[in-house]
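Since every read-out is calculated from the coordinates, none of them should be taken as a lab result. Please read all numbers here as calculations on a predicted model, not as lab measurements. As a convention, Cβ positions derive from the backbone with ideal geometry for all residues, glycine included, and neighbour counts pool all protein chains shown.
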Ligand code: NAD
């Protein structure tokens, strides 16, 4: 993207396309979704390469988290689109008789999508699928911190999709600020709380609705399980949910684990064995771990360990390779709660374990922190599950697994409080990019005269 004039021209063209009404048809929406499927098939190698360049992601991880997830969302949208687009009849109270009512979804218009760097392909495509499904025209702003994926998106999207309706604009904070001066009909933002605040205040100038998909500290509550095989499985899921998807750089990654004192050493040993089995023992062996995205985040993560009390709490790992931007999976036992490690989102391969006397105390612990995007609870205790649901607040609660909820189109995905607001995935994506127009129809063959003056005692009683 060059000058502001290019941007202005692009926006004029997008508005014209929207006014032409072609993005509203079922055929156009389906053709664009199918075009993304084509892009996935024809450019698969380029996607693997870009994700490897940006984050050192293994192709299997790329397939699972960046390509497969998008394919799934498209297939779901293609199979449901016609139904989602149709009007929904609603029942009216008798007092409205004779009348009918329906809710009619309509596209919002011109939408702006900001993407974060950690899943720079799928977190661009997933909201794009929602915006297209709902019949909008779109500007997509990929993350400048995943430059290979950003240029892949800006080169390939115009080759496959309708370039008069969907445009990619690359750039950093300066370009974002220019974009935010413009009027949009919706802004969908995935990123940090800091930038989320900027987005919301800029959107306020035009009364533009926003969806903010932000982050936070997602806890795991690890309760006592009944037998060794369940414990092993729970630990595998924690390891996969901490290091297995972009090496902890995921908004829904495990941030810290809460466990009873008496289980801490068993947990640490078991985590260590599983880490070494999955990824290896030393920095040189880590072929299946993504790297830290850039020097800035590498230094940020390393500086979390500079605090001597935090460093003293390391029970596994703690080494790094600055050239490769790799930090060893690192476990910390009871680091100070006022350290940055415990007050800020970690977003990297460091895992604090916080011990409690009784696992039920983890509810108070979680409630002492800002509301997280997800609470994970590995427990079979039904009464405890009920307490977690009724006494805590989070975007999602997942029992007995980690990360998997992200793949479930039947559930809304989004935060609450500082972890964001608005939701998407499946039908929720369609709704996020639609206005639900209320339509009421009455007829002329009956009238209730009591609704009109002159008022009198009879009408008052009526
Ligand atoms: P970020 O806030 O730095 O950047 C996100 C987007 O905002 C990028 O496209 C960036 O170009 C743009 N941006 C940067 N500066 C801007 C400015 N001054 N004005 C307007 N826009 C600007 O976030 P990030 O570092 O890319 O991502 C990490 C954060 O994202 C973490 O907090 C993580 O939890 C969160 N995240 C949330 C989800 C979710 O679905 N809830 C998913 C992934 C990441």
Using the count of nearby Cβ atoms within 10 Å as a rough guide to exposure, how do 211, 379 rank from fewest to most?
379, 211
Ranked 72, 141, 371, criterion: other C-beta atoms within 10 Å, fewest first
72, 371, 141
Quick one: angle between helix 193-205 and the longest Cα principal axis of the chain, in degrees between 0 and 90, rounded to 10, please.
20
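Starting from 0.36 nm per residue, how many nanometres of slack lie between residue 88 and residue 198 once their C-alpha separation is accounted for? Mind showing how you got there, number by number?
Values: separation 110, 0.36 × 110 = 39.60 nm, distance 3.61 nm.
Result: 36.0 nm gained on full extension.
Can you tell me the length gained on complete extension of the stretch residue 207 to residue 337, counting 0.36 nm per residue apart and subtracting the Cα distance? Mind showing how you got there, number by number?
Values: separation 130, 0.36 × 130 = 46.80 nm, distance 3.91 nm.
Extra length available between residue 207 and residue 337 comes to 42.9 nm.
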Quick check: from the Cα gyration tensor, does the chain come out rounded (a/c under 1.5), prolate or oblate?
oblate
Determine, from the Cβ-Cβ distance of residue 37 and residue 435 and an R0 of 30 Å, the FRET efficiency 1/(1 + (r/R0)^6), rounded to the nearest 0.05.
0.65
Residue 324 and residue 230 label points (each 7 Å along its Cα→Cβ direction) are spaced in nm at 3.8
Degrees separating the helix 122-133 axis from the principal Cα axis of the chain, which is the longest one:
10
Which value in nm describes the separation of the simple spin-label points at residue 456 and residue 287, placed 7 Å from the Cα toward the beta carbon?
9.3
Specify the angular offset, from 0 to 90 degrees and rounded to the nearest 10, of the alpha carbon long axis of helix 69-85 from the longest principal axis of the alpha carbons in the chain.
20
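In whole percent, what relative contact order does the range 242-397 give with Cα contacts below 8 Å and a gap of six or more residues? The partial results should precede the final answer.
On the way: 213 pairs, mean separation 41.9, N = 156.
Answer for the range 242-397 is 27 percent.
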Two-site label geometry, residue 177 and residue 80: point separation in nm, points 7 Å out along Cα→Cβ:
4.0
